[in-house]
Amino acid sequence: MQTYRDHRATDADQSEWTLPRVLRTRASRLPDKVYLDAPTWGVRLTYAQTLDAAERIGAGLLQRGHQPGDRLLIMMPNCPDYLLAWFGSSLAGIAEVPINTAYRGSFLEHQVRTASPTAAVITPEFAERFVESAAECGAIRRFYLVGSLDEVAGAIAVLEQAGFAAEPFEALRATEDLVELPTADYRELAGIFFTSGTTGLSKGVAMSHSQLYFFADQGASLVRLTEDDVYLSVGPLFHGNAQFLAAYPALIKGSRFVLHEKFSATRWTSWIRDSGATVTNLVGVMSDFLWKQPVGANDGDNVLRCVWAVPNPSRIADEFKARFGIAELVENFGLTEVSMPILTPYGVPRPPGAAGLEVSDWFEVRLVDPFTDVEVPVGEVGELVVRPKVPWTICSGYYNMPEKSFEALRNGWFHTGDGLRKDEDGWYYFVDRLKDAIRRRGENISSYEVEQAILGHPDVAECAVIAVPADGMGAEDEVMAVVVAAEGAAVVVEDLWSFCDQRIPAFAVPRFLKVVDRLPVTPSGKLQKAPLREAGRDGSVDRTALQPTT
C-alpha cells in the first residue's frame with residue numbers, strides 16, 4: 001500500500017522550529033533578497049528589512065507592558081503590516097490571534113473572551129465593533145491602529161472615548177530602543193486559530209511554534225518550494241491558507257512572497273504573469289470562478305509551475321492545467337488541528353477525486369466507526385482519526401476549552417469528524433463532513449452559531465441551519481435556515497435577512513430561508529436535521545432570486 005514519504009524537515013533540529021529563528025536565519029543568509037512583495041501597496045521588503053521592522057514592533061510591544069505569553073489579536077484585511085504584526089508579536093514571545101474581518105457581535109465576543117488578548121492590531125473600520133462589544137473585550141489593554149495618522153485618528157478617539165488605550169501602529173514600527181527579545185521555545189504557544197464549531201461555539205486551536213513550522217514545512221514539501229520560487233497568495237491572512245501555508249513556507253525556503261489584498265478572478269492571470277509567480281494556492285470555489293472566466297489569449301502566459309488547489313478541480317484538471325500553463329496540481333487533506341496527514345506526491349498520477357496518501361513518516365492514520373472507534377474495512381467510509389509520530393506536530397488542544405480538547409483526543413487519537421474512505425492502493429478520498437458544519441466559499445461555518453444569532457430575532461421560536469448543495473464544481477455548500485415562528489408572530493423573510501446582516505458575517509448569512517410549522521425531533525426531543533437535508537431547498541425562499549442583478 002502506497003504512502004507519502006517525500007517530506008524531510010528543512011531543519012532536522014526540532015528545537016529550531018520557531019518563526020523567530022527562521023526569520024533571523026533567512027535575514028542573515030539572504031539579507032538583500034526581497035521577501036515581502038506587496039504590489040497593491042507599492043511595498044517590497046528584503047529579508048533584512050522584514051526582520052528589522054519585526055524586531056522594532058516586538059520591542060515596542062514589550063516596552064508598553066505586554067509580556068511573553070500574552071496574546072495579540074489581529075483583525076484587518078491583507079496588508080504588509082498584517083505580516084509585520086504577526087512576525088513582531090512572535091519575536092516578542094506573544095501568540096497571535098487572527099480574527100476574521102467579517103466577525104462582529106457575539107461571534108467576535110466569543111473569540112475575544114476565549115483567547116483573552118492583551119493587545120489588538122486593527123484597521124480603523126473595525127474600531128466601532130470593539131466599542132459595541134466593549135463589555136466583553138476588557139482584556140484588551142491597548143489597540144494599535146494601522147494606517148496613516150489621518151486615517152487612524154478618528155478610530156483612536158472612538159476607542160479612547162470607550163475607555164480603551166489606543167495609538168497608531170506606526171509608533172511600534174518607529175521603536176528605537178531595541179530591548180532584548182526573548183528566545184522562543186518550539187513548544188510554546190505561537191498562535192490561536194479559531195475553527196468554526198460544529199455542535200457548539202468556534203474553538204481556538206492552540207498551535208505551538210513547532211506545529212506552525214511543521215505545517216508550513218509540509219506545504220513547502222508538497223509544492224517542492226525552493227529559494228528560486230515566487231509564491232503568490234490571494235487568501236486572507238487570518239486563515240492558515242495564506243499565513244502558514246504560503247507566507248511561512250516562503251520564509252522557510254527563502255522564496256519571494258507576493259501578497260494581494262484578496263482574490264479576484266478577473267485579475268488573477270495578470271497577477272500571476274506580472275509577479276513571475278511559480279507557485280500559488282487556491283481554496284474552495286476559486287478554481288471554479290477562474291475556470292468560468294472568459295478564455296483569454298494569454299491565460300497561460302506565465303511561469304507558473306504548481307497550483308495547490310483544495311478541492312482539486314479533478315473533473316477538468318487536464319484542461320485547467322493546459323489553459324493556465326500549470327505543470328502540476330497538488331492537493332492535501334488536513335486540518336488546523338492536525339496539520340496535513342494526507343498529501344499528494346508531486347508529479348505522481350492519482351485517481352480522480354483522491355486527496356492523497358498517508359504521510360507515514362510523521363503520522364498514523366485510521367478510518368474508524370465514529371461511534372465505536374473501531375477501524376472500518378478498506379473501501380468503507382469512516383471517521384478520519386490521526387495521531388503524530390513526532391511530538392508537537394499537531395495542536396495542543398483547544399485554548400481555554402478543556403472539555404472540547406478531551407472530546408477530540410479520546411482514545412489516544414485526534415478525531416477529525418470528517419468522513420473519508422481509502423482504496424486498496426492507499427489513496428484517501430474525502431466523502432463528507434460528519435460534523436454538523438458548513439463550508440461556503442472557502443469559509444467554515446458553525447451552524448450552531450448561526451442558529452443562535454437567528455434565535456435572537458423576536459419572531460423566531462426555533463431554528464435549524466443546514467447545508468444544501470451549491471452549484472458549480474467547487475462542491476461546496478449554501479446555507480439554509482429553517483425557522484419556526486414565535487407564537488402569535490409571523491416571520492417576514494426580508495426582515496429576517498436584514499436582521500442577519502447586522503449580526504452574522506456576510507459569508508454565513510443564509511441564502512435560503514424556509515418557514516415551517518415545526519422542526520423534526522426524536523422521541524426524546526432532540527432535533528433531527530436529516531429530514532431537513534432530505535427535503536433540501538423545497539419550499540424555501542432564495543435570497544438571490546429577490547435581489548436585482550447588476
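The values are calculated or read from the model by the stated rules, or taken from the named source; none is laboratory data. Please read all numbers here as calculations on a predicted model, not as lab measurements. Cβ placement follows ideal geometry from the backbone for every residue including glycine, while neighbour counts extend to all protein chains displayed.
Picking from residues in the stretch 249-266 that are touching a strand residue (DSSP E or B) at 6+ places or on another chain (Cβ under 9 Å) and not in a loop (DSSP other than H, G, I, E, B), the one that is farthest from residue 84 (Cα to Cα) is 253.
Across the stretch 383-392, which residue is surrounded by the most Cβ atoms within 10 Å (Cβ to Cβ) among those that are among the aliphatic types (A, V, I, L, M) and more than 20 Å from residue 210 (Cα to Cα)? Only one residue tops the list, namely 384.
Quick grid of which residues meet (1) farther than 20 Å from residue 414 by Cβ; (2) out of contact with any His (no Cβ under 7 Å at 6 or more places or on another chain):
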position	(1), (2)
157	yes, yes
201	no, no
204	no, yes
212	no, yes
216	no, yes
222	yes, yes
226	yes, yes
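Just one of (1) surrounded by 15 or more Cβ atoms within 10 Å (Cβ to Cβ); (2) touching a residue at least 60 places away in the same chain (Cβ under 8 Å); (3) part of a loop (DSSP other than H, G, I, E, B) fails for residue 204. It is (3).
In the stretch 64-86 there is no residue that is surrounded by 22 or more Cβ atoms within 10 Å (Cβ to Cβ), farther than 14 Å from residue 120 by Cβ, at pLDDT 95 or above and among the hydroxyl-bearing types (Ser, Thr, Tyr). On the stretch given as the stretch 153-174, residues that are over 26 Å from residue 138 (Cβ atoms) and either surrounded by 19 or more Cβ atoms within 10 Å (Cβ to Cβ) or not assigned by TED's automatic domain parsing to the domain that holds residue 127 (or both) total 1.
At pLDDT 85 or above, assigned to a loop (DSSP other than H, G, I, E, B) and either under 30 Å from residue 240 (Cβ atoms) or out of contact with any His (no Cβ under 6 Å at 6 or more places or on another chain) (or both): does that describe residue 490? Yes: the conditions hold for residue 490. Annotation note: Cβ proximity below 7 Å between a residue of the stretch 215-230 that is in contact (Cβ under 8 Å) with a residue 12 or more places away in the chain and a residue that is among the aromatic types (Phe, Trp, Tyr) and crowded, with 21+ Cβ neighbours inside 10 Å (sequence gap 6+ or interchain) occurs for 215/244; 216/244; 216/248; 222/308; 223/308; 225/231. If you go through the stretch 507-534 and keep only what is surrounded by fewer than 17 Cβ atoms within 10 Å (Cβ to Cβ), assigned to a helix (DSSP H, G or I) and at pLDDT 90 or above, you end up with just 507.
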